[in-house]
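Only one structure is covered here, and it is reproduced in the block below.
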Amino acid sequence: MIVIDDKIVSDDVVEKHFVCNLQACKGECCVAGDFGAPLEESELSILNEIYEKVKPYLTAEGIKTIEREGKYVFVKENKEWCTPLMPGGGCAWLNYDSNGTVICAIEKAYNEGAIGWKKPLSCHLYPIRITQYKTYDAVNYERWSICSAACKNGKALKVPLYQFLKEALIRKYGEEFWEALHAYATQMQHR
C-alpha cells in the first residue's frame, strides 16, 4: 500500500505490468460488462456540450441509445452516473475502426480536433479504478480476464501499469502525485 496525501494506492499499480494490446482484445473493455463507464459529476455537463460534435463519430445504434436513454444514466446498484449501454451491450459512445476494433467516438473526435476533451476519466484511467471515500481515494488495479493480452504485453515491454497510465494519472491527480508515485516505484525496484 502506498499513501500519497489523501490517496491510498494499491501496490499492484506499481508492481504489475500493463500495455493495452488492441490487436488482441479488440477493445472489449468498452463492450463487455454490466454497466457503462463511470462518470464524474463534472463530466455530465461536458457530455451534454459535446454530443452534437461527437454525434457524427457514433454508430447509428449508439445515437438511438443516447437519444432514448440520455447521454448518461444513473446506475442505482453502483450509486453513480455511467455512460449508457446499447441493447446488445457496449458503451453507446463507441464506434469501430476499419479492423473491427472498438474505438471511443469521443476520443476520435478529440484526436481529429472536433472537441477539446479526450474522454471520460474512468476510461482514460482503466484498468485503474478509483473509489472515493470521505477522507481518501482508494486507487486500485482492476483485474479482468479480457486484459490478459495487455498484461503479457506490459510484461514483455517491461512497462509498469502506473507508467502506462502516466497521462491519465496526471490528469486526475497532477504531476506532483505522479512524481511521488514514480519515486516510490523506483525506490522499491532498488530494494
*Scan segment 157-191 for residues that are in contact (Cβ under 8 Å) with a residue 12 or more places away in the chain, part of a helix (DSSP H, G or I) and hydrophobic (A, V, I, L, M, F, W, C) and jot them down.*
LEU157, LEU161, PHE164, ALA168, LEU169, PHE177, TRP178, ALA180, LEU181, ALA185, MET188
*Go through segment 52-69 and count every residue that is closer than 21 Å to ILE115 by Cα and out of contact with any Leu (no Cβ under 9 Å at 6 or more places or on another chain).*
8
*Determine if segment 120-127 includes at least one residue that is touching a Gly at 6+ places or on another chain (Cβ under 9 Å), aromatic (Phe, Trp, Tyr), part of a loop (DSSP other than H, G, I, E, B) and touching a residue at least 40 places away in the same chain (Cβ under 8 Å).*
no
*asked:* Restricting to segment 31-43, name every residue that is closer than 16 Å to PRO120 by Cα, of a type in the set (A, V, I, L, M, F, W, C) and either in a loop (DSSP other than H, G, I, E, B) or assigned by TED's automatic domain parsing to the domain that holds CYS147 (or both).
replied: VAL31, PHE35, ALA37
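From VAL3, VAL19, grab the single residue that is surrounded by 16 or more Cβ atoms within 10 Å (Cβ to Cβ), out of contact with any Asp or Glu (no Cβ under 8 Å at 6 or more places or on another chain) and of a type in the set (A, V, I, L, M, F, W, C).
Values: VAL3 fails: surrounded by 16 or more Cβ atoms within 10 Å (Cβ to Cβ).
Matching residue, one of VAL3, VAL19: VAL19.
The values are calculated or read from the model by the stated rules, or taken from the named source; none is laboratory data. Keep in mind it's a predicted model, so treat the numbers as computed, not measured. Note that we place each Cβ from the backbone using ideal geometry, even for glycine, and neighbour counts take in every protein chain shown.
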